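Novice: Got a structure for you, questions after.
The values are calculated or read from the model by the stated rules, or taken from the named source; none is laboratory data. Only a predicted model underlies this, so the values are computations on that prediction, with no experimental measurement involved. We place every Cβ from the backbone using ideal geometry, glycine too, and count neighbours over all the protein chains shown. Just the protein is used for accessible areas: all its heavy atoms, side chains included, with ligands, DNA and RNA removed. Shrake-Rupley method; radii C 1.70, N 1.55, O 1.52, S 1.80 Å.
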Amino acid sequence: SYMEDTLGNLALQASNPEDDRYDVALNISGFGNDARINGYYQSDSLNPSLDFNIDLNKLNLASIQSFTGGQLANSEGYISGELSLNGSPTKPNMEGALRFNQTKFEVTYLRTVLAADNQAINFGNEQVQFNNFTVSDPNNNSMVVDGTVNISDLTNPGLDLNITSEDFLVMNTTEKDNDMYFGKLLLSSNIDVTGNATQPEISMNISIGDESALTYIVPESETGSTEQEGIVRFVDKDKAGDPFFTDIQNDEPGDTLKSPLGMDLNANINVTKASQFKVVIDPTSGDQLAIQGDADLSMNINPAGDISLTGRYEVAEGQYNLSFYGVVKRQFSVKPGSSLVWSGDILNAQADLTAVYELETAPIELMQARIPDNSELTIYKQELPFLVYLNMKGELLKPVISFSLDMPDDSKNYAGGNVYSAIQGLNQVESQLNKQVFALLILQRFIAENPFASSGGSTEGAVRSSVSKILSDQLDKLTDQVKGIDIDVGLKSSEDYSSGQAEGRTDLNLGLSKQFLNDRITVKVAGNINLEGSNQQQQKNLSDFAGDISIEYKLTEDGRFRLVTFRKEVFEQLLEGEVIETGAGFIIVKDYDKFREIFRKNKEENWKKTDDDSVSKQ
């Protein structure tokens, strides 16, 4: 056993029939494994040689999983094959094949499960041959490896490989697996690998697959590290004969020193708006940017290990989640056309993002210092829509953030455009602007120049609202006693400023519903009775009252699929009147505890009779 994985029963026989010859017979059996190695090693000082035959009838992948150092987990299937190894120890000749049979394993670092069945790796003519060796991901999408590895020089094998994939699941990690970057990554790729193992040359054309979602968390120390301009290497050229410098090349004066273990990689990366990219800018507060968009990027890694990225990522949609000490959270919508631009440093993207947060509030505090006549202020107690813009520019990891205010076009002329003029004035004075932005985001309202002199509503209005809620709860409890028909009653009382002065408004909302045909059809009638206010009307009959009507039909007995048709009255503030909406819809109803259960079939319930004649569900 090794690292708690049992390989089996091992039997080793070794002999020395001649002075310079050693015979070896190694057998591994039991625990589902059957492998044999037989042969000899000739240690002639002038012409050493070896000759071994390897017979792998069956070697379970789970048995050798521990030898990967934890890189593989949950391995299944087995490897089989026959190999012959003979010739010089420094340049052996290898013939045969290794076959992967129903193998499956999880790459722990990437948390993706790979499978290979009935796939072979062939050995011959000093080459390791991959003849369309196919690996599948959990979605049965394939990655195909084709080409050869030249092993004539075992110290530095030559590479000539082509790797293709289509929506292949490369990574499927969570924050528990990696606290800096994680997520789901699908790739469609065409990759050529040439050169040798010491310095491979890689050319890649990659498309990020749909449904990919990557998250990058900016560590708290990242800002300081990105301020470094580069790394300086000092070399004493006078010690040219020092073996420590034998592998270091300095082709031209001032050229970057190249490492013998480097690679030359060029990649073209295509990103579509079907994939999501998220950056957690402040892990402590939870501020994060989530965007979707299109991009054509070019990445390069040179032999010295320097990584560069160039290209433009244009945002199609996204959100910026702003958190204030974890207490108040606001979601901004990123405007299409915003962008991230890389011009070299992969960690130094230049951001040009604009996000907007929409809210409705009364501008009374904003206007009271601009209109000294209190008799004209009541019109500004009416709630209006406002837009808070967040502008992010500069380096993505340490952006410069500024704000601005605006109003929708159809609201700019309210009160003769006075409110919009005040908003434009705020945008010219940064200190005043930031104060009002803070108030809108945190308090959801403007604040006056003297915050203790607020005019944003009366005590009477608050009392009316609270009392109406209590009455509504009590009326609902009374109607629960009515059998055969469902009755919903609501009483809403508030203050209305649409006429330019405070007026009491009280509305009685009444709804009736009845079910027919074994509850397959539900008819709902609802309406609103204005009991107080300038628009008060006395309903004379049911046709005057019943403004909202809906009919719902259950297509299936369990009610999962339904059809509904409706007619309802909606008050539009901008149109200052009632609008009648009519339509029809198709409804799917499903109970679930976890989101993934929505797409699963309902399990059939099996009942059986127990010994005590009771019934239990399987």
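Novice: Find all pairs meeting these conditions: Cβ atoms under 9 angstrom apart; at least six residues apart or on different chains; first residue within the stretch 316-340 and modelled with pLDDT under 90; second residue among the acidic types (Asp, Glu) and open to solvent by less than 40 Å² (accessible area, probe 1.4 Å).
Specialist: These pairs meet every condition: Tyr320/Asp287; Asn321/Asp287; Leu322/Asp287; Ser323/Asp287.
Novice: For the structure I just gave you, tell me whether Phe100 is more than 16 Å from Asn125 (Cα to Cα), among the aromatic types (Phe, Trp, Tyr) and out of contact with any strand residue (DSSP E or B) (no Cβ under 6 Å at 6 or more places or on another chain). Even if it seems obvious, please write down each step before you answer.
Specialist: Numbers: more than 16 Å from Asn125 (Cα to Cα): yes; among the aromatic types (Phe, Trp, Tyr): yes; out of contact with any strand residue (DSSP E or B) (no Cβ under 6 Å at 6 or more places or on another chain): no.
Spelling it out, it is not the case that Phe100 is more than 16 Å from Asn125 (Cα to Cα), among the aromatic types (Phe, Trp, Tyr) and out of contact with any strand residue (DSSP E or B) (no Cβ under 6 Å at 6 or more places or on another chain).
Novice: Where residues in the stretch 1-20 are of a type in the set (D, E, K, R) and surrounded by 11 or more Cβ atoms within 10 Å (Cβ to Cβ), which of them is farthest from Pro48 (Cα to Cα)?
Specialist: Ranking the qualifying residues of the stretch 1-20, first place goes to Asp5.
Novice: With Leu169, Leu83, Leu110 as the choices, which residue is closer than 17 Å to Leu186 by Cβ and open to solvent by less than 30 Å² (accessible area, probe 1.4 Å)?
Specialist: Result of the check over Leu169, Leu83, Leu110: Leu169.
Novice: Could you list, in sequence order, all residues of the stretch 89-107 that are open to solvent by 40 Å² or more (accessible area, probe 1.4 Å), part of a strand (DSSP E or B) and either farther than 20 Å from Asn33 by Cα or of a type in the set (Ser, Thr, Tyr) (or both)?
Specialist: Lys91, Asn93, Met94, Glu95, listed by residue number.
Novice: While we're on this one: Go through the stretch 583-616 and report how many residues are modelled with pLDDT of 80 or more and open to solvent by 100 Å² or more (accessible area, probe 1.4 Å).
Specialist: The number of residues fulfilling the criteria is 2.
Novice: Does Leu531 qualify as being surrounded by 11 or more Cβ atoms within 10 Å (Cβ to Cβ), modelled with pLDDT under 70 and part of a strand (DSSP E or B)?
Specialist: Working: surrounded by 11 or more Cβ atoms within 10 Å (Cβ to Cβ): yes; modelled with pLDDT under 70: yes; part of a strand (DSSP E or B): yes.
For Leu531, the condition - surrounded by 11 or more Cβ atoms within 10 Å (Cβ to Cβ), modelled with pLDDT under 70 and part of a strand (DSSP E or B) - is met.
Novice: Let me ask you something else. What residue, among those in the stretch 200-211 that are surrounded by fewer than 16 Cβ atoms within 10 Å (Cβ to Cβ) and on the phi < 0 side of the Ramachandran plot, is modelled with the lowest pLDDT?
Specialist: Filtering the stretch 200-211 for residues surrounded by fewer than 16 Cβ atoms within 10 Å (Cβ to Cβ) gives 201, 203, 205, 210-211.
Okay, now just the ones that are also on the phi < 0 side of the Ramachandran plot, so 201, 203, 205, 210.
Numbers: Glu201: 90, Ser203: 92, Asn205: 92, Asp210: 83.
Looking at the filtered set, the residue picked out is Asp210.
Novice: When the stretch 344-393 is examined, which residues are found to be out of contact with any Asp or Glu (no Cβ under 9 Å at 6 or more places or on another chain), within 30 Å of Gly311 (Cα to Cα) and open to solvent by less than 40 Å² (accessible area, probe 1.4 Å)?
Specialist: If the condition is that a residue be out of contact with any Asp or Glu (no Cβ under 9 Å at 6 or more places or on another chain), within 30 Å of Gly311 (Cα to Cα) and open to solvent by less than 40 Å² (accessible area, probe 1.4 Å), then Gly344, Leu353, Thr354, Ala355, Tyr357, Leu390 are the ones that fit.
Every residue, every condition in (1) open to solvent by 60 Å² or more (accessible area, probe 1.4 Å); (2) within 41 Å of the chain's Cα centre (by Cα); (3) closer than 26 Å to Gln13 by Cβ, yes or no:
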{"site": "Ala35", "(1), (2), (3)": "no, no, yes"}
{"site": "Asp44", "(1), (2), (3)": "no, no, yes"}
{"site": "Ile54", "(1), (2), (3)": "no, no, yes"}
{"site": "Leu59", "(1), (2), (3)": "no, yes, yes"}
{"site": "Ile64", "(1), (2), (3)": "no, yes, yes"}
{"site": "Thr68", "(1), (2), (3)": "no, yes, no"}
{"site": "Asn74", "(1), (2), (3)": "yes, yes, no"}
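Novice: Then there's this: Residues that are closer than 30 Å to Pro200 by Cβ and within 28 Å of the chain's Cα centre (by Cα): find the strands (runs of 3 or more DSSP E) completely inside the stretch 300-391 holding 1 or more of those.
Specialist: 307-324, 339-345
Novice: So the check is Cβ under 9 Å with 6+ separation or different chains; which pairs have a first residue in the stretch 104-115 that's among the acidic types (Asp, Glu) and a second one that's open to solvent by 30 Å² or more (accessible area, probe 1.4 Å)?
Specialist: Glu106/Leu72; Glu106/Asn74; Glu106/Val113
Novice: Identify, please: which residue in the stretch 436-456 is surrounded by 13 or more Cβ atoms within 10 Å (Cβ to Cβ) and more than 34 Å from the chain's Cα centre (by Cα) and is, among those, modelled with the highest pLDDT?
Specialist: Phe446
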